[in-house]
1. Determine the pairs where a residue that is closer than 27 Å to ASN397 by Cβ and among the aliphatic types (A, V, I, L, M), located within segment 409-434, has a partner that is open to solvent by 90 Å² or more (accessible area, probe 1.4 Å) and assigned to a loop (DSSP other than H, G, I, E, B) with Cβ atoms under 6 Å apart, the partner being 6 or more residues away or on another chain.
2. Determine, yes or no, whether ALA554 is touching a Phe, Trp or Tyr at 6+ places or on another chain (Cβ under 9 Å), loosely packed, with under 11 Cβ neighbours inside 10 Å and either modelled with pLDDT under 85 or not in a loop (DSSP other than H, G, I, E, B) (or both).
3. For segment 300-309, indicate whether the set of residues that are in contact with a Phe, Trp or Tyr (Cβ under 9 Å, 6 or more places away or on another chain), hydroxyl-bearing (Ser, Thr, Tyr), open to solvent by 60 Å² or more (accessible area, probe 1.4 Å) and within 27 Å of HIS212 (Cα to Cα) is non-empty.
4. Going through segment 296-324 one residue at a time, which ones are assigned to a helix (DSSP H, G or I) and either out of contact with any Pro (no Cβ under 9 Å at 6 or more places or on another chain) or among the aliphatic types (A, V, I, L, M) (or both)?
5. Are any residues in segment 161-220 closer than 30 Å to ASP145 by Cβ and aliphatic (A, V, I, L, M), and if so, which ones?
6. Could you look through segment 374-402, keep only residues that are among the aromatic types (Phe, Trp, Tyr) and open to solvent by less than 70 Å² (accessible area, probe 1.4 Å), and pick out the one that is nearest to LEU414 (Cα to Cα)?
7. Could you check segment 216-230 and list, in sequence order, the residues that are among the small types (Gly, Ala, Ser), under 26 Å from THR249 (Cβ atoms) and outside any strand (DSSP E or B)?
8. For segment 180-231, how many residues are polar (S, T, N, Q) and either closer than 28 Å to LEU157 by Cα or over 29 Å from the mean Cα position of the chain (by Cα) (or both)?
Amino acid sequence: MSHIPTTSVRDHMKWAGLLGCEAVLSSMALMQASTISAPKKMMTSLAPPPVPGSTQRDPQGHMGLTAAMTCPPLLVRKEGDFHAPRLLDEKEMRPNEDMQLKKKNRKSGTPCKVREQEGKGGKAVVVDENGNCPLSKVQKNFICDHCYGAFRSGYHLKRHILIHTGEKPFACAICDMRFIQRYHLERHSLTHTGVKPYACTMCDMRFFQRYHLQRHSLIHTGVKPYACSMCDRRFFQRYHLQRHSLTHTGVKPYACSMCDMKFFQRYHLQRHSLTHTGVKPYACSMCDMKFFQRYHLQRHSLTHTGVKPYACSMCHMRFFQRCHLQRHTLTHTGVKPFACTMCDMRFFQRYHLQRHSITHTGVKPYACSMCDMRFFHRYHLQRHSLTHTGVKPYACNMCDMRFFQRYHLQRHSLTHTGVKPYACSMCDMRFFQRYHLQRHSLTHTGVKPYACSMCDMRFFQRYHLERHSLTHTGEKPFACDMCDMRFIQRYHLERHKRVHSGEKPYQCERCQQNFSRTDRLLRHRRLCQGRGVAKVEATPCCEPRPFSQDPLPAPPPAPPNTWSRLAV
C-alpha cells in the first residue's frame, strides 16, 4: 500500500491540461501503482522510456513534462466530448473494449478494480462505454495487494484486508462471537442488552437493525418489490423470493445427514434433525408437555387459556387452530376435495383419505403389544389398549357407569334423558343410535347385505355373519374360566356359567319353579300350563310375573274310534 505525492499529482494534471479529466485520473491511479515495490508491484511503467534530456509535449501544445513524469498512453472512448488525438489505432481499440467495467455507479467505500489492457504502445487504462472511469469521482489511491481493489482511505483498505486474512479483531465480551467491523459488534451487542433502537412509526414493533425496520415497513405499505419470474407471486424480501424459486426448480439443497430426507429451507432441516435426536426444546410452562416446534407450543398454550381465536363466519363454532377452521368450513360448503383413486369415496380431510386407503390394501400397521390384534388406525389401537389395562376413563355423571370410549358415554347419556334422536322414516320407531336406525331400515327393504362366503346364508347385521362363520370354522372363541367348555357365542357362555353359580333367573308363573335356561322354562310351561305358550320372556326370580286365577280350559276329548282301535 502506497500513496502518490501531492506534487506529482498536480504536475500530472498540468500535463493533461484538463482538471477533472477522467482519463487523467485513471492514469493517476496507474502512477500510484507504479510506485509499489518490485515483488508486489501491480503495474509497471506503461510507456517506453524517454530519451534522456528530451521533453515531451502533448499534441495540443500543452506544457512539457520531464522524463521522470512520463505519461502513459490513454485509451479514449470513440464518442468522447473531448477531441484528443488517439494514441492507439482502431485495431488496438477492439480488444480493449471487451475489458470495460460493468459496474458503473459504485459506492465510494466499495473496492474498485484498476483495469489495464496491453497494446502495441504499452498498457492503457480502460474507460467504460459511458466515458467514466471508476476512479473519476473519488480518488481511490489505496490498492489491495490480494485482489487489486482500490479504496479511498487506508482505513477502508485495512478493513478490507481482514476479509482475506480471516481475522476478526472485534470480540463480544458476553459470548464467543467475533466480527470484522466494530459496527457489527455494536449491532450484535444489542441482542444481549435487549435494546431495539429502531421503532416503527405505524405500529409498536421495534428492531435491532435499521434494515429490519425498513423491511418491516413494506408490510404497512403493501409493496412487494421482489417478483417471481415464473409465476405471479411477489415477496417482501429477496430471501423469500430465492427460497420460493426452489419450488419451481425442485432443488432441495438441504439434506439430512442421518436419513434421505431433503428440504427446501435450512430451518426445515434443523427442525427435522430434532426428530432424530429426540430433543424437544419448547416446554410448556403450565404442564409437562414438550414440543419440537415453537408453533406447536403456542398452539398448545391455547388449551390452557381456553381461547379459541378462530371463529366460523357461518355458525357459532370456534377453534384453537386455523387448520381446524378451514376444515370445518368444508362442512358448510359440502366440498370434499380429497377423492379416493380406488373407489368413489371422497373426504373432507387428507388424513381421512390416507386412513381410508389402508382399507384397500388390507394392511393394518398398528399392532397391539399385548395380543395379536392389529388395527388400521392408531386411535383404534389406543382404544383397544384400554381393554387390557381395564381403565375406563369416561364416567357418567348421572350413574356409576364408566366407558372405554367417549362415544359410548355420549350414547349412554341418552338413556337418562330418554331422547331418541334417530327416527325411522317408514314407521314410528325411534332409536338412541344411528347404527340401530340403519340396521332397522334393512327390515323394511328386506336387503341382507352380509353374505356368507361358504354357504348361501345372508344376514342383516355383520355381527350375525361373523357369529355364523364360526360354525364353518369350528372355532369357539368363548371359553369358560371354571371348566374346559368352549362356546361359539358369548351368550352361550353366559348361560353355561349359571351351571357353576347355581343361578336360576327364569321362573314359572304358576308353580314358581325356577330354571337356569329359557328353553327349559319353555318345556316346563308346555307341561304345566298347556301348549298355548309359544314365547318365553326372561323374567328374573326376584320379579315374578303375576299369576292368573282363571281355571285352565279342559283338555279336548279323544276321538272314540281311536280308543276302540287301541282296544282291539
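1. From residues that are closer than 27 Å to ASN397 by Cβ and among the aliphatic types (A, V, I, L, M), there are no pairs.
2. No.
3. No, segment 300-309 contains no residue that is in contact with a Phe, Trp or Tyr (Cβ under 9 Å, 6 or more places away or on another chain), hydroxyl-bearing (Ser, Thr, Tyr), open to solvent by 60 Å² or more (accessible area, probe 1.4 Å) and within 27 Å of HIS212 (Cα to Cα).
4. Hits for segment 296-324 are HIS296, LEU297, GLN298, ARG299, HIS300, SER301, LEU302, THR303, HIS304, THR305, CYS323, HIS324.
5. ILE161, LEU162, ILE163, ALA171, MET177, ILE180, LEU185, listed by residue number.
6. So the first thing to find is which residues in segment 374-402 are among the aromatic types (Phe, Trp, Tyr), and the list is 375-376, 379, 394.
Now narrow it down to the ones that are open to solvent by less than 70 Å² (accessible area, probe 1.4 Å): 375-376, 394.
Details: PHE375: 29, PHE376: 29, TYR394: 15 Å.
Checked segment 374-402; the qualifying residue nearest to LEU414 (Cα to Cα) is TYR394.
7. SER229
8. Within segment 180-231, the first condition is being polar (S, T, N, Q), and the residues that meet it are 181, 189, 191, 193, 201, 209, 214, 217, 221, 229.
Still in the running and either closer than 28 Å to LEU157 by Cα or over 29 Å from the mean Cα position of the chain (by Cα) (or both): 181, 189, 193, 201, 209.
Adding up the residues that qualify gives 5.
The values are calculated or read from the model by the stated rules, or taken from the named source; none is laboratory data. Everything numeric in this text was worked out from a predicted model, so none of it was measured. Every residue, glycine as well, gets a Cβ built from its backbone with ideal geometry; the counts of neighbours run over all protein chains shown. Surface accessibility is based on the protein's heavy atoms, side chains included, excluding ligands, DNA and RNA. Shrake-Rupley method; radii C 1.70, N 1.55, O 1.52, S 1.80 Å.
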